[in-house]
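Below: the structure, in structure tokens.
Every number here is computed from the coordinates shown, using simple stated rules; none is lab data. Fair warning: this is a prediction, and the values are worked out from it, not measured in the lab. Cβ atoms come from the backbone with ideal geometry, glycine included; neighbour counts cover every protein chain shown.
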Amino acid sequence: YSAVLDSLLMRETSLSIGAVAQPSVLLTTPAGEQHTLGLSMVSAVLGAAGSACLRLQGGLPISEIASAAEVYRVRAVGVSATCLYPPKILAEFMRALRNALSPNVALWFGGSGVNKVCRIPPGVTVFASMNELRDACVSLYTLGEQTLPTRKAM
């Protein structure tokens with residue numbers, strides 16, 4: 001079922017407002033986390049809001065995530081972790097990824113695994129809902145003095 005839902009979300013995202021724009025948000029999961037359905041949901045929500053996302057495969061090491069963020073010059077890196085991901089390892093992943101990214105790149109985390117982390121490291125933003133995430137994405141454009149792309153009338 002998750003594969004079918006993932007396929008539908010990816011199809012809808014490819015038709016969204018943000019599908020043709022330069023990616024502003026890079027999406028992935030922490031090293032060892034292979035559950036990526038949440039990334040498809042986030043990509044669909046942000047794409048509908050006009051923000052282009054670059055979705056990497058899940059479970060990448062920090063060095064590859066940081067390199068991709070630099071190469072694609074994204075404004076934010078979004079990471080999703082399920083409740084199965086060990087909280088101590090996730091907290092360390094958060095710290096290490098924050099240190100590996102440029103200070104001007106926002107670091108966002110979501111998913112049920114984040115709820116188990118006792119102390120969120122400085123420079124990491126945690127989102128409890130898609131609405132909060134969408135609002136943060138809109139503020140990326142506001143802070144950068146750019147506007148979200150709009151859909152042209154037919």
Query - Nearest-20 debye value, the range 75-140 charge dipole, Cβ charges on Lys, Arg, Asp, Glu - result: 160
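When you count, for each residue, the other Cβ atoms within 10 Å and take the mean per peptide, how do 80-86, 123-129 rank with the highest first? If you can, show how the numbers build up before the last one.
On the way: 80-86: 18.9, 123-129: 14.4.
Sorting 80-86, 123-129 by mean packing, highest first, produces 80-86, 123-129.
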Query raised in the report: Going by the alpha-carbon gyration tensor, a ≥ b ≥ c the square roots of its eigenvalues, is the range 28-95 rounded (a/c under 1.5) or, if a/c is not under 1.5, prolate (a/b greater than b/c) versus oblate?
Result: oblate
Report task. Give me the net charge of Ser102's neighbourhood, meaning all other residues with Cβ under 13 Å from the Cβ of Ser102; Lys, Arg count +1, Asp, Glu -1. Result -> +2
Requested in this report: Compute the Cα gyration tensor for the range 65-145, then decide on rounded, prolate or oblate, letting a ≥ b ≥ c be the square roots of its eigenvalues: rounded whenever a/c is under 1.5, prolate when a/b is larger than b/c in the other cases, and oblate in all that remain.
Outcome: oblate
